[in-house]
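To keep things clear, I will list the structure first and then write my remarks on it.
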Amino acid sequence: MSAEQNPQYGVLREVTPFASVVLAENPGVMTLEGTNTWVLRAPGSPTCAIVDPGPLDRAHLDRVAACGPVDAVLLTHGHPDHSEGARTFGDLVNAPVHAVTQSLGTAPLTGDEVIEAGGLEIRVLATPGHTDDSVSFQVHDAILTGDTILGRGTTVLDGKLGDYLATLKTLAALPRGTTVLPGHGPELPDVVAVAQAYLKHREDRLAQVRAAAERLGGAPTARQVVELVYADVDRSLWPAAEWSVRAQLEYLGIA
């Protein structure tokens, strides 16, 4: 049985020689089985880096802290299921919290910088689109994508579609065989294949949104478009779909 079918909460699972994951117990429509908190450590290193401590769940934070000592805490973006526990966790392990959004962390985070932590060089890639503050972290032959690319399904847009399309092209230009270590869901073997599939999905959805807007006429709301384009999708997902449709209408100049 796969990990996504039988999630193991609170268990440190090794994925690569330098990356292990602890699954937070916050499953949901938007979080799949829960938030992946990543522990990055070079073989033999006494310290580690933590990516996305997750929700403010003290039991989860304590389990992750036990993987320390921790050199640095890194946030892929500011959504609470990734960042809510970050400041508490940073205080718990006495480590700086690196975030693009200043209010979330204690240390700034910018694209193209390299952070040395856990015996590793962690390259920061600006990957906006899911949110304006989304970043990914490249380590050896893997990339931690937060919610920019998920382990299953596609993500919603709480940012700008133009930014997201540019981000997907950036990820599609990485070396083939680069492992995806996502914020939710299982790891994936090749970021290039996934990014290309995401681009195709976005192109198809954009065409559907354009056609729906023309059919509705005027300046339709995101909800009206969702009711047409996502008619065959579970209605519990419609609120999230509205985020993406709103970004697409803005991209098309219809919003």
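The values are calculated or read from the model by the stated rules, or taken from the named source; none is laboratory data. Note that the coordinates shown come from a computational prediction; the quantities given were computed from them, not determined experimentally. Every residue, glycine as well, gets a Cβ built from its backbone with ideal geometry; the counts of neighbours run over all protein chains shown. Quick note on the areas: whole protein, heavy atoms, side chains included, nothing else; ligands and nucleic acids left out. Shrake-Rupley method; radii C 1.70, N 1.55, O 1.52, S 1.80 Å.
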Taking Lys and Arg as +1 and Asp and Glu as -1, residues besides K160 with C-beta under 9 Å from its C-beta add up to -3
So V11 and E25, fully extended at 0.36 nm per residue minus their Cα-Cα distance, gain in nm 4.0 nm
At the level of C-alpha centres, the distance separating the range 139-184 and the range 51-107, in angstrom, is 21 Å
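Can you tell me, using C-alpha contacts under 8 Å and at least 6 residues apart, the relative contact order of the range 147-255 as a whole percent? It would help to have the intermediate numbers written out before the result.
Working: 127 pairs, mean separation 31.3, N = 109.
Contact order relative to length: 29 percent.
What number comes out for the charge environment of R176, summing +1 per Lys or Arg and -1 per Asp or Glu over other residues with Cβ under 13 Å away?
Numbers: positive: none; negative: D141, D190.
With Lys, Arg at +1 and Asp, Glu at -1, the net is -2.
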Options (1) 0.99; (2) 0.95; (3) 1.13 are given for Rg/Rh (Cα atoms, Kirkwood Rh), and the computed one is (1)
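Stretched out fully, how many nm does the piece from E227 to A197 gain, at 0.36 nm a residue minus the Cα gap? All intermediate terms of the calculation are to be shown ahead of the outcome.
Working: separation 30, 0.36 × 30 = 10.80 nm, distance 2.42 nm.
Fully extending the segment from E227 to A197 adds 8.4 nm.
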Residues other than M30 with Cβ under 11 Å of its Cβ, Lys/Arg counted +1 and Asp/Glu -1, net out at -3
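For the chain, what does the helix formula give at 222 nm: sum of -39500 (n - 2.57) over DSSP H segments with n ≥ 4, over the residue count, nearest 500 deg cm²/dmol?
Details: 7 runs with 81 residues, N = 255.
So the helix-based figure for the chain works out to -10000 deg cm²/dmol.
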Heavy-atom accessible area per residue of the range 188-241, all protein chains kept, 1.4 Å probe, expressed in Å², is 54 Å²
Of the accessible area of the range 9-150, computed with a 1.4 Å probe and all protein chains kept, carbon and sulfur make up a percent value of 52 percent
Expressed in nanometres to one decimal, the distance between label points 7 Å along Cα→Cβ at L216 and T88 is 3.9 nm
Relative contact order of the range 88-170 (C-alpha contacts under 8 Å, at least 6 apart) in percent is 20 percent
Expected sort for 35-41, 160-166, 148-154, 83-89 on mean C-beta neighbours within 10 Å, highest first, is 35-41, 83-89, 148-154, 160-166
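When only Cα pairs under 8 Å and 6 or more residues apart are kept, what is the percent relative contact order across the chain? Display every interim value, and only then the final one.
Numbers: 548 pairs, mean separation 31.7, N = 255.
The normalised contact order for the chain reaches 12 percent.
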Note: K160 to I254 extended length (0.36 nm per residue) minus current alpha-carbon separation gives 32.4 nm
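Would you mind telling me the antiparallel percentage of the DSSP bridges in the range 1-120, rounded to 5?
Taking every DSSP beta bridge with both residues in the range 1-120, the antiparallel ones total about 60 percent.
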Interchain or sequence-distant (5+) residues whose placed amide H lies within less than 5 Å of the amide H of T35 are A24, N26
Residues whose built amide H sits under 5 Å from the amide H of V70, excluding neighbours closer than 5 in sequence, are C48
Residues meeting the amide H criterion for L157 (H placed from the backbone, H to H distance under 5 Å, 5 or more places apart or on another chain) are S244
